[in-house]
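Here the structure is laid out as structure tokens; the discussion comes afterwards.
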Amino acid sequence: MVDQNLVYDIKISSVGPGRITGSDVIHEPNGIDLAMKLPYLKGVYFFNSQACQGLTIMQIKGSMFHWLNEYYTVCGRFRRTAAGRPYVKCNDCGVRVVEARCNKTVDEWLETRDCSLHDLLIYHAPVGPELFFSPLLYMQVTKFKCGGMSMGISWAHVIGDVYSASECLNAWGQYLSGLRSNGPFELTKSPSGPGRPKIHSVDTKEPVSLKRVDPGKLPFFESLCAIMWQCIAKARDGLEPRAVTLCKKDPSNPRDGVLSNSQIISSVMADFSVVETDLKRLASLLLDQAMKENTQIEEVVEKDNGVFDYIVYGSNLTFVDLEETNFYGLELNGHKPEAVHYSIQGVGDEGAVLVLPWPKDSGTDGNIGRIVVVTLSENEVVKLKLELKKNGLMLEDDIGILE
């Protein structure tokens, strides 16, 4: 049972850009964006007292004026065209800033290793039903009794994927530190440009003149996903998931100052028993047989002009690669976060597995450790924990699985 009194003295305000964006500026989400209307990204960054020394809430809010001049899209509000297609009116309504206090130290909080507590540090409200008044971004600043603080965000996935959200937050840190100054006003465009994007079919045939060299060692992400895939399949008692979805970073995105859902979404189908096969075969399947589906997803959403809602995370068992996400690029007073945690709200019944990077300054080689966040139904969580413990993959006091 979560103690709601751990976080108290909550105050809510709004912060918008320091200058007027304009009366007729809009952001038109493309098909991939609109496929992400339902999920929300929830992240929390923990900083020690040295990082927060001399930092006041007025300084935090003041830096946001300049930051939001660049990322003005997150200050907008959704509207619908006469045909029902959603778009963002960039009217400078602002982001919600929440101030709070906690009666624990940062170390005490992290030592609980209870991901369910993080919701107390992340103020969240869904977009709608009154679109005119629904913020796309909430930011909660929680001060701990040790002098440290956390920054929690609730981010509407429709405006950008986790890679965009991370870079956006990192840019705010640069404004706060004075490493970035307020430049001339520019209207940014998404990678697909405004309006309904043109869909181009891509030839997916393998080139005859090219053969992939077997490196002998499979990448960490695919190897870890193979383990989790098999353990989840065993936990489902004969209802093993044969189809899975992979979400990975597009190497060319995000671009500076541009928010987008540019992650590469692929599907993998196993035509054999996941439970009975060896892990190397599963990992090789994830690496070599992933079929990119961004174009197909966009075509389906565009057919109904973005009116209907869809589920991407959890429509199949979904693995999300966040290893290369620069979560630890957000610095306060030159200090990186002690820890960063992200999850996705709005995951379908098949569940999702997020693979996050290990803290950079933890004294451990980042190529060894990973943080794995699993979202499954409650009864599956119990079975998966037993399966992980049985295989020596989970300690008795590990509780890092979201239910």
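Within region 79-127, which residues are among the small types (Gly, Ala, Ser) and open to solvent by 20 Å² or more (accessible area, probe 1.4 Å)? Show your work before the answer.
If we filter region 79-127 for residues that are among the small types (Gly, Ala, Ser), which is where we start, we get 82-84, 94, 100, 116, 125.
Of everything in region 79-127, those that are among the small types (Gly, Ala, Ser) and open to solvent by 20 Å² or more (accessible area, probe 1.4 Å) turn out to be Ala82, Ala83, Ser116, Ala125.
If Val127 satisfies every condition in (1) hydrophobic (A, V, I, L, M, F, W, C); (2) assigned to a loop (DSSP other than H, G, I, E, B); (3) more than 26 Å from Glu298 (Cβ to Cβ) but one, which is the exception?
Result: Val127 fails condition (3) only.
One line per residue, one yes/no per condition, for (1) within 20 Å of Leu68 (Cβ to Cβ); (2) modelled with pLDDT of 95 or more; (3) aliphatic (A, V, I, L, M):
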site	(1), (2), (3)
Gln4	no, no, no
Ile10	no, yes, yes
Val15	yes, yes, yes
Arg19	yes, no, no
Gly22	yes, no, no
Pro29	yes, yes, no
Lys37	no, yes, no
Gln50	no, yes, no
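Name the residue, out of Asp304, Asp309, Asp349, that is of a type in the set (Asp, Glu) and open to solvent by less than 40 Å² (accessible area, probe 1.4 Å).
Working: Asp309 fails: open to solvent by less than 40 Å² (accessible area, probe 1.4 Å); Asp349 fails: open to solvent by less than 40 Å² (accessible area, probe 1.4 Å).
Going through Asp304, Asp309, Asp349 in turn, the sole match is Asp304.
How about region 214-266: which of its residues are of a type in the set (Lys, Arg) and part of a strand (DSSP E or B)?
Within region 214-266, the subset of a type in the set (Lys, Arg) is 217, 234, 236, 242, 248-249, 255.
Matches in region 214-266: Lys248 only.
Could you list all residues from region 274-283 that are part of a loop (DSSP other than H, G, I, E, B) and open to solvent by 40 Å² or more (accessible area, probe 1.4 Å)?
Our first condition is that a residue be part of a loop (DSSP other than H, G, I, E, B); within region 274-283, this holds for 274-278.
Across region 274-283, the qualifying residues are Val275, Glu276, Asp278.
Within region 38-47, can one find any residue that is buried (at least 22 other Cβ atoms within 10 Å of the Cβ), among the aliphatic types (A, V, I, L, M) and closer than 20 Å to Leu121 by Cβ?
There is at least one residue in region 38-47 that is buried (at least 22 other Cβ atoms within 10 Å of the Cβ), among the aliphatic types (A, V, I, L, M) and closer than 20 Å to Leu121 by Cβ.
Taking region 76-112, which residues are closer than 30 Å to Glu302 by Cβ, without any contact (Cβ under 8 Å) to a residue 24 or more places away in the chain and not in a loop (DSSP other than H, G, I, E, B)?
None - no residue of region 76-112 is closer than 30 Å to Glu302 by Cβ, without any contact (Cβ under 8 Å) to a residue 24 or more places away in the chain and not in a loop (DSSP other than H, G, I, E, B), so the list stays empty.
Could you go through region 326-348 and let me know if any residue there is part of a strand (DSSP E or B), polar (S, T, N, Q) and at negative phi. So that I can check it myself, show each step before the final result.
At the first step, the residues of region 326-348 found to be part of a strand (DSSP E or B) are 332, 335, 339-345.
Then drop every residue that is not polar (S, T, N, Q), which leaves 343, 345.
Still in the running and at negative phi: 343, 345.
Scanning region 326-348 turns up at least one residue that is part of a strand (DSSP E or B), polar (S, T, N, Q) and at negative phi.
Output the qualifying pairs, or none if there are none: Cβ atoms under 7 angstrom, residues six or more apart or on different chains, first residue in region 115-139 and within 13 Å of Val88 (Cα to Cα), second residue of a type in the set (Lys, Arg) and open to solvent by 20 Å² or more (accessible area, probe 1.4 Å).
So the pair list comes out as Leu131/Arg79; Pro135/Arg96.
Just for region 234-266: of the residues that are within 23 Å of Glu387 (Cα to Cα) and of a type in the set (Gly, Ala, Ser), which one is modelled with the highest pLDDT? Write out each step before concluding.
Step one: filter region 234-266 for residues within 23 Å of Glu387 (Cα to Cα), giving 234-246.
Now drop any that are not of a type in the set (Gly, Ala, Ser), which leaves 235, 238, 243.
On the way: Ala235: 94, Gly238: 81, Ala243: 97.
Only one residue tops the list, namely Ala243.
Residues of region 56-70 being surrounded by 18 or more Cβ atoms within 10 Å (Cβ to Cβ) and without any contact (Cβ under 8 Å) to a residue 60 or more places away in the chain, which ones?
Here is the first cut: in region 56-70, the residues surrounded by 18 or more Cβ atoms within 10 Å (Cβ to Cβ) are 60, 63-64, 66-70.
Leu68 - this is the single residue of region 56-70 that is surrounded by 18 or more Cβ atoms within 10 Å (Cβ to Cβ) and without any contact (Cβ under 8 Å) to a residue 60 or more places away in the chain.
Got a sec? Which of Thr73, Thr21 is open to solvent by less than 60 Å² (accessible area, probe 1.4 Å), part of a loop (DSSP other than H, G, I, E, B) and hydroxyl-bearing (Ser, Thr, Tyr)? Quick ask: steps written out before the conclusion?
Values: Thr73 fails: part of a loop (DSSP other than H, G, I, E, B).
None of the others qualify; the one that does is Thr21.
What tally of residues in region 310-326 results from selecting those that are touching a Leu at 6+ places or on another chain (Cβ under 8 Å) and modelled with pLDDT of 95 or more?
First, the residues of region 310-326 that are touching a Leu at 6+ places or on another chain (Cβ under 8 Å): 310-311, 318-323, 325.
Among the residues that remain, those that are also modelled with pLDDT of 95 or more are: 310-311, 318-322.
Total satisfying the criteria: 7.
The values are calculated or read from the model by the stated rules, or taken from the named source; none is laboratory data. As the structure is a prediction and not an experimental result, all values here were calculated from the model. Positions of Cβ are backbone-derived with ideal geometry, glycine not excepted, and every protein chain shown enters the neighbour counts. Just the protein is used for accessible areas: all its heavy atoms, side chains included, with ligands, DNA and RNA removed. Shrake-Rupley method; radii C 1.70, N 1.55, O 1.52, S 1.80 Å.
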